[in-house]
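Chemist: Please find one structure pasted underneath; my questions will follow.
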Amino acid sequence: MKLIVATHNPGKLQEFRRILDLGGIDVEGLASDAPMPEEVGTSLEENALIKARGAFEIYREAIVADDSGLFVDSLGGQPGVLSARYAGPGATDGENRSKLLSEMALVAGENRRAEFRCVLCVVGVESHSTPEFYVGVVKGRITELPMGDAGFGYDPIFVPDGSDGRTFAQMSPQEKNAISHRARALEVMLGEISKWS
Ligand code: IMP
């Protein structure tokens, strides 16, 4: 089986390939000039579907698309689907982190629970006429201050459960990839699609 990943991000493509290789699934990225639709959905599911359908319109082949976000308990699930632009359109990762930390300035340690969620959407597989969704979650807490330089996004302020206190940004890519929301969603997806004919 072959899947086209609806992304222009080489790091993401590598992460998909690392896991889907184990199931003998060939993975390809989008051509660099392939347009990506705007993420106008109000949920991760909607955005993953929008991206998957957008790529299917071009390739007419089996596609997988993902959408992820950080959901903070004390903020009612914010920034959620707006994680990439929490501090406004075009915001940098640093601006988004600063906004989150300031919104949480009065939230005590034990109430700083949060989780990363990833939703994958597969469309265009001949034997499956409706879109299929797979979810991966990693739970943890938001730190008071950023720690570490690795990774991206909210990694410097997220300590996953089970960590020795290090944020995602203080872990090697291998350590993060072993427990990330994306890896978990990919493992769930692989478990299901490897049963498909
Ligand atoms: P995307 O859907 O994977 O592009 O993620 C949307 C936004 O969620 C990113 O721009 C980040 O702000 C945040 N995010 C998603 N996954 C991660 C992660 O693994 N670490 C840190 N931030 C993430």
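Chemist: Quick one: what do you get for the range 2-86 if you divide its Cα Rg by 2.2 N^0.38 Å? Show your work: numbers first, answer last.
Modeler: On the way: Rg = 14.0 Å, N = 85, 2.2 N^0.38 = 11.9 Å.
Normalised Cα radius of gyration, the range 2-86: 1.18.
Chemist: Sticking with this structure for a sec: Sorting check: for 82-89, 66-73, which peptide has the highest mean count of neighbouring beta carbons within 10 Å, and how do the rest follow? Write out the running numbers ahead of the final one.
Modeler: Details: 82-89: 15.5, 66-73: 23.0.
Answer by packing, highest mean first, reads 66-73, 82-89.
Chemist: Additional query: Diagonalise the Cα gyration tensor of the range 2-193 and give the resulting equivalent ellipsoid semi-axes, square root of 5 times each eigenvalue, largest first, whole Å.
Modeler: 30, 18, 14
Chemist: List the equivalent ellipsoid semi-axes of the range 101-197 in whole Å, largest first, each obtained as the square root of 5λ for an eigenvalue λ of the Cα gyration tensor. Write out the running numbers ahead of the final one.
Modeler: On the way: eigenvalues 206, 41, 22 Å².
Working from the Cα gyration tensor, I get semi-axes of 32, 14, 10 Å.
Chemist: If the only charges are +1 at each Lys and Arg Cβ and -1 at each Asp and Glu Cβ, what is the size of the charge dipole of the chain around the Cα centre, to the nearest 20 debye?
Modeler: 220
Chemist: At R0 = 41 Å, how high is the FRET efficiency between Ala91 and Glu126 if r is their beta carbon distance? Nearest 0.05 is fine. Display every interim value, and only then the final one.
Modeler: Values: r = 40 Å, r/R0 = 0.99.
The calculated FRET efficiency here is 0.50.
Chemist: Among 28-34, 164-170, how do they line up by average Cβ neighbours within 10 Å per residue, starting with the highest?
Modeler: Details: 28-34: 13.0, 164-170: 17.3.
Order by mean packing, descending: 164-170, 28-34.
Chemist: Using a Gaussian network model of the chain whose springs link C-alpha atoms within less than 10 Å, name the residue from Ile50, Ile58, Ile25 with the highest mean-square fluctuation.
Modeler: Per the Cα network of the chain with a 10 Å cutoff, Ile58 tops the list.
Chemist: If you don't mind, another one. Could you report the chain's accessible area per residue, 1.4 Å probe, as an integer in Å²?
Modeler: Working: 9770 Å² over 197 residues.
Solvent-accessible surface per residue comes out at 50 Å².
Chemist: Positive end of the dipole of the chain, charges at C-beta (+1 Lys, Arg; -1 Asp, Glu), about the Cα centre: which of Leu106, Pro35, Ser68 has its Cα farthest in that direction?
Modeler: Going by the charge dipole, the pick is Leu106.
The values are calculated or read from the model by the stated rules, or taken from the named source; none is laboratory data. As the structure is a prediction and not an experimental result, all values here were calculated from the model. Virtual Cβ from ideal backbone geometry, glycine too; neighbours counted across all protein chains shown. All accessible areas refer to the heavy atoms of the entire protein, side chains included, with ligands and DNA or RNA removed. Shrake-Rupley method; radii C 1.70, N 1.55, O 1.52, S 1.80 Å.
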